Amino acid sequence: MLLKLSVLLLWNQVARLSTQQLEQNPQFVGIQEGQDLTMYCNSSSTFPQFYWYRQEPREGPVFLMTLVKGGEVKEQKRMTAKFGEARKESSLSIIRAQPGDAGFYFCAGTHCSWGCCYLPQNPAAADSYHSASTSL
């Protein structure tokens, strides 16, 4: 069975002053049930934290994981999220993909300015986010 999984990338542009961006790879992908997949978010700037979300069609986003330390690795069932040592990239791997894994996956990074860090609240509804999609 071909799984259709989408990965949406989000990056925060606080008060429209930030130029930080995240790039998503791959943008579109199709895999067979049981195959593994790794999604990447990369930036030229550092982020204090990365977040991963998943959204099913016609549903709101569901929080998956937060990564707060460079080099951090978190596992949740068949998913593994990694935060790069330089805090400029994150990856999310899904092992042995199942039909229930289909959906949109969001990566978000916080932005700190003047001693305040801005955290993503609702990535699907926030005007200050930009997104690109990856379909699997």
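For the reader, a short list of remarks on this structure follows.
- Of all the residues in region 85-95, those that are under 12 Å from Asn42 (Cα atoms) and part of a loop (DSSP other than H, G, I, E, B) number 3.
- Within region 94-110, the presence of at least one residue that is under 18 Å from Gln24 (Cα atoms), surrounded by 12 or more Cβ atoms within 10 Å (Cβ to Cβ) and at pLDDT 90 or above is confirmed.
- Subset of region 43-54 that is of a type in the set (Gly, Ala, Ser) and either within 11 Å of Phe106 (Cβ to Cβ) or out of contact with any strand residue (DSSP E or B) (no Cβ under 7 Å at 6 or more places or on another chain) (or both) - its residue that is surrounded by the most Cβ atoms within 10 Å (Cβ to Cβ): Ser45
- Lone qualifier among Gly30, Gly34 - being modelled with pLDDT under 80 and in contact with a Lys or Arg (Cβ under 8 Å, 6 or more places away or on another chain): Gly30
- Scanning region 127-136 for residues that are surrounded by 15 or more Cβ atoms within 10 Å (Cβ to Cβ) and either assigned to a loop (DSSP other than H, G, I, E, B) or modelled with pLDDT of 50 or more (or both) yields Ser128, Leu136.
- When we screen Lys69, Lys74, Lys82 for residues that are modelled with pLDDT of 85 or more, farther than 20 Å from Gln32 by Cα and either assigned to a loop (DSSP other than H, G, I, E, B) or small (Gly, Ala, Ser) (or both), the only hit is Lys69.
- Residue-level check: of (1) under 13 Å from Gly103 (Cα atoms); (2) in a loop (DSSP other than H, G, I, E, B), Arg54 misses just (2).
- Residue in region 55-93 that is surrounded by the most Cβ atoms within 10 Å (Cβ to Cβ), counting only those that are out of contact with any Gly (no Cβ under 9 Å at 6 or more places or on another chain) and among the acidic types (Asp, Glu): Glu89
- Single residue of Thr19, Thr46 found to be modelled with pLDDT under 80 and not in a strand (DSSP E or B): Thr19
The values are calculated or read from the model by the stated rules, or taken from the named source; none is laboratory data. Just so it is clear, the structure is predicted and the values come from calculations on it, not from any experiment. Positions of Cβ are backbone-derived with ideal geometry, glycine not excepted, and every protein chain shown enters the neighbour counts.
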